[in-house]
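The block underneath contains the structure these notes are about, expressed in structure tokens.
The values are calculated or read from the model by the stated rules, or taken from the named source; none is laboratory data. These numbers come from a predicted model, not from an experiment. Methodologically, a virtual Cβ is constructed for each residue, glycine included, from the backbone with ideal geometry; neighbour enumeration extends over all protein chains shown.
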Amino acid sequence: MNKISWSQVQTYVQCPYKWKLNYIDKNRKFTDSIYTVYGKAVHEVIQHYLTVMYDKSIKEADEIDMPNMLVDKVKYFYSEGVKNADGEHFSKQSELTEFCVQGAKALDWFKRHRGEYFTKKNWELLGIEVPIEDKYKSVGVLGYIDVLMRNTKTGKIKIIDLKTSTMGWKKEKTDPMKRGQLLFYKKFIADKYDVDISMVDVEFIIIKRIVWDKGDWPVKWIQRFEPPSANVSINRVFKQVDLFINEGFNKDGSYNTEATYEKLGVNTKCKWCEFAKSPEICDKGKK
Ligand code: SF4
């Protein structure tokens with residue numbers, strides 16, 4: 001059975017032709033950048049801290065040398081990225097060091113203010129990278145939850161998505177495709193744990209890489225954002241998902257290879273597209 005993920009829905013909304021190139025034509029080209037390397041490294045360090053904190057003790061978690069762990073993870077993911085790019089380097093030592101230094105400050109701040117974001121009182125960790133494997137209409141659904149928590153008093157479940165960002169989220173907070181990710185997961189987590197959808201809350205935790213110290217008020221390296229997640233917002237997201245499935249798949253769940261997929265990413269979005277410099281694959285990127 002063909003499977004969909006939220007990133008496929010996002011790609012389709014951005015440019016249906018790009019989705020076709022990726023998934024029907026199997027032309028996928030994922031290339032790492034310093035941002036993806038740093039993001040993966042920060043995720044793993046925070047996820048490790050939380051696992052130790054909830055499965056062992058806060059004291060043991062606080063003893064973790066997070067900045068050093070970050071350096072090791074950045075080195076690991078960078079070398080993996082270079083390997084996948086057939087040996088081509090995409091960053092340099094000075095840039096990697098700069099990111100590690102900035103990340104160390106954010107992680108140090110996280111450790112000192114951890115209690116504002118994660119507490120053991122009435123909360124348990126259900127899992128890290130919790131898989132979603134479900135079915136929706138004619139397709140399978142695949143996804144992973146960064147951090148999944150349960151309130152032991154109310155029974156409510158909380159989906160947490162960790163994001164790294166240069167200076168935090170501003171316009172991203174109103175971007176339906178950014179917010180939609182957790183609303184999409186919310187339905188499937190409710191199914192997985194057999195609870196009413198109203199028993200699932202969602203939250204983004206955004207780890208900034210750079211903050212401006214304005215002197216007058218305390219600087220926060222971590223931003224919390226809870227997008228509106230009532231039924232009306234969820235229905236809006238699934239309208240988009242339904243449109244994608246109806247256009248991209250046949251009734252039996254196979255790909256719709258007969259459809260004409262629009263090249264929508266003209267102008268700004270083409271700029272970031274992996275096919276923008278491959279006119280033999282897509283001629284629109286040149287415009
Ligand atoms: S180059 Fe532009 S039009 Fe072509 S696939 Fe990418 S986003 Fe779509």
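Does region 86-108 include one or more residues that are within 16 Å of the ligand (Cβ to nearest atom) and outside any loop (DSSP other than H, G, I, E, B)?
no
Within region 98-115, which residues are surrounded by fewer than 19 Cβ atoms within 10 Å (Cβ to Cβ) and over 9 Å from P67 (Cβ atoms)?
E98, Q102, W109, K111, R112, H113, R114, G115, listed by residue number.
Give the residue that is modelled with the highest pLDDT, with candidates limited to residues of region 240-287 that are within 7 Å of the ligand (Cβ to nearest atom) and either surrounded by fewer than 15 Cβ atoms within 10 Å (Cβ to Cβ) or of a type in the set (F, W, Y) (or both).
That would be F275.
Tell me, yes or no, whether region 197-212 has at least one residue that is without any contact (Cβ under 8 Å) to a residue 24 or more places away in the chain and closer than 23 Å to Y23 by Cα.
Taking every residue of region 197-212 in turn, none turns out to be without any contact (Cβ under 8 Å) to a residue 24 or more places away in the chain and closer than 23 Å to Y23 by Cα.
Can you tell me which condition P279 does not meet? The list is (1) assigned to a loop (DSSP other than H, G, I, E, B); (2) touching a residue at least 24 places away in the same chain (Cβ under 8 Å), and all the others hold.
Going through (1) assigned to a loop (DSSP other than H, G, I, E, B); (2) touching a residue at least 24 places away in the same chain (Cβ under 8 Å) one by one, P279 breaks only (2).
Whether any residue in region 189-197 is under 23 Å from Q47 (Cα atoms), in contact with a Lys or Arg (Cβ under 8 Å, 6 or more places away or on another chain), surrounded by 13 or more Cβ atoms within 10 Å (Cβ to Cβ) and at pLDDT 90 or above is what I want to check.
There is no residue in region 189-197 that is under 23 Å from Q47 (Cα atoms), in contact with a Lys or Arg (Cβ under 8 Å, 6 or more places away or on another chain), surrounded by 13 or more Cβ atoms within 10 Å (Cβ to Cβ) and at pLDDT 90 or above.
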